[in-house]
Amino acid sequence: MKRILLMGDSITDFDRKRDCEALGQDKCWLGYGAGYANRLTGDIMYRYPDKYQVINLGIGGNKVTDMYDRIKADCIDLKPDYLTLFVGVNDGWHGYEDEKNDVVETYISVYTKYIEEVKAALPNIRIYIIEPFILESEITIKNPEKIERVKQLAKAARGIAEKFSLPFIELQAKFDEMSKLTSKPTYWAGDGVHPTLQGHKIIAEQVMKTLEKDL
């Protein structure tokens, strides 16, 4: 059975239960969280019965540096066949304690190092980069510089995908498109960052559309 690993921050985490195995087999689905990872996993398991194991190891608050810190235990040692990476909004929103370091440069440097090390350890792995996005909300509009920084990181993520010839899963354009159908963008992400139930549906569909080309 091939293994699909989902790495990221709170959008991937989305209240997943760390001890799902201890809860019993009938509740192991709680380990996928309540967001796009749950929807995506259900779709994969429905379309491809008994062919894939999906693991959600998103952790709320993670920046690319945090993701890199756990690269061995939470990625390489698990030997996934497929890996989705969804990180950037925390880097853009919170920055780093040492603001002497340029946030975008740090993001590119660490993200690049992460991919290089994973590919070196697992040469046959398929890696997918998911675009960080941000929408207008009462919170985000008060921080235009942070909105701009997240957009810069999204551009950087695209550049990293191009550098390594990896599939890039666009989200910003899709969320912007869907926001035209509603009175406010917050219909899709209440605070402009964390998706609503229907916002997670957008992400799950965008990821599945790209991922299933290789399944």
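Please state which of the following conditions residue 146 fails to meet, knowing it meets all the rest: (1) surrounded by fewer than 17 Cβ atoms within 10 Å (Cβ to Cβ); (2) within 24 Å of residue 187 (Cβ to Cβ).
(1)
Can you give me the ranges of the helices (runs of 4 or more DSSP H) entirely in region 111-215 with at least 2 residues that are at pLDDT below 95 and in contact with a helix residue (DSSP H, G or I) (Cβ under 8 Å, 6 or more places away or on another chain)?
144-163
Anything in region 171-192 that is of a type in the set (Gly, Ala, Ser) and either farther than 23 Å from residue 153 by Cβ or surrounded by fewer than 20 Cβ atoms within 10 Å (Cβ to Cβ) (or both)? List them, or say none.
Matches in region 171-192: 173, 179, 183, 190.
Six or more apart or on different chains, Cβ atoms under 9 Å: show the pairs whose first residue is in region 160-181 and in contact (Cβ under 8 Å) with a residue 24 or more places away in the chain and whose second is part of a loop (DSSP other than H, G, I, E, B) and surrounded by fewer than 12 Cβ atoms within 10 Å (Cβ to Cβ).
167/213; 167/214
Taking only region 80-110 into account, find how many residues are in a loop (DSSP other than H, G, I, E, B), at pLDDT below 95 and on the phi < 0 side of the Ramachandran plot.
Of the residues in region 80-110, 7 are in a loop (DSSP other than H, G, I, E, B), at pLDDT below 95 and on the phi < 0 side of the Ramachandran plot.
Checking residue 195 against (1) of a type outside the set (D, E, K, R); (2) surrounded by 15 or more Cβ atoms within 10 Å (Cβ to Cβ); (3) on the phi > 0 side of the Ramachandran plot, which single condition isn't satisfied?
All conditions are met except number (3).
If you scan region 17-49, which residues turn out to be among the charged types (D, E, K, R) and either modelled with pLDDT of 95 or more or loosely packed, with under 14 Cβ neighbours inside 10 Å (or both)?
Selection gives 18, 19, 21, 26, 27, 39, 43, 47.
Pull up region 42-67, narrow it to residues that are farther than 16 Å from residue 18 by Cα and of a type in the set (Val, Ile, Thr), then point me to the one that is farthest from the chain's Cα centre (by Cα).
Once the filter is applied, the top-ranked residue is 44.
Is there a residue in region 123-131 that is closer than 23 Å to residue 4 by Cβ and surrounded by fewer than 18 Cβ atoms within 10 Å (Cβ to Cβ)?
Among the residues of region 123-131, at least one is closer than 23 Å to residue 4 by Cβ and surrounded by fewer than 18 Cβ atoms within 10 Å (Cβ to Cβ), which makes the answer yes.
Has region 70-78 got at least one residue that is among the aliphatic types (A, V, I, L, M), in contact with an Asp or Glu (Cβ under 7 Å, 6 or more places away or on another chain) and at pLDDT 95 or above?
Looking for residues that are among the aliphatic types (A, V, I, L, M), in contact with an Asp or Glu (Cβ under 7 Å, 6 or more places away or on another chain) and at pLDDT 95 or above, one finds at least one in region 70-78, hence yes.
Taking residue 77, is it charged (D, E, K, R) and either part of a loop (DSSP other than H, G, I, E, B) or within 19 Å of residue 15 (Cβ to Cβ) (or both)?
It is false that residue 77 is charged (D, E, K, R) and either part of a loop (DSSP other than H, G, I, E, B) or within 19 Å of residue 15 (Cβ to Cβ) (or both).
The values are calculated or read from the model by the stated rules, or taken from the named source; none is laboratory data. The structure presented is a predicted model; accordingly, all values stated were derived computationally and were not measured. Cβ: placed from backbone, ideal geometry, glycine included. Neighbour counts: every protein chain shown.
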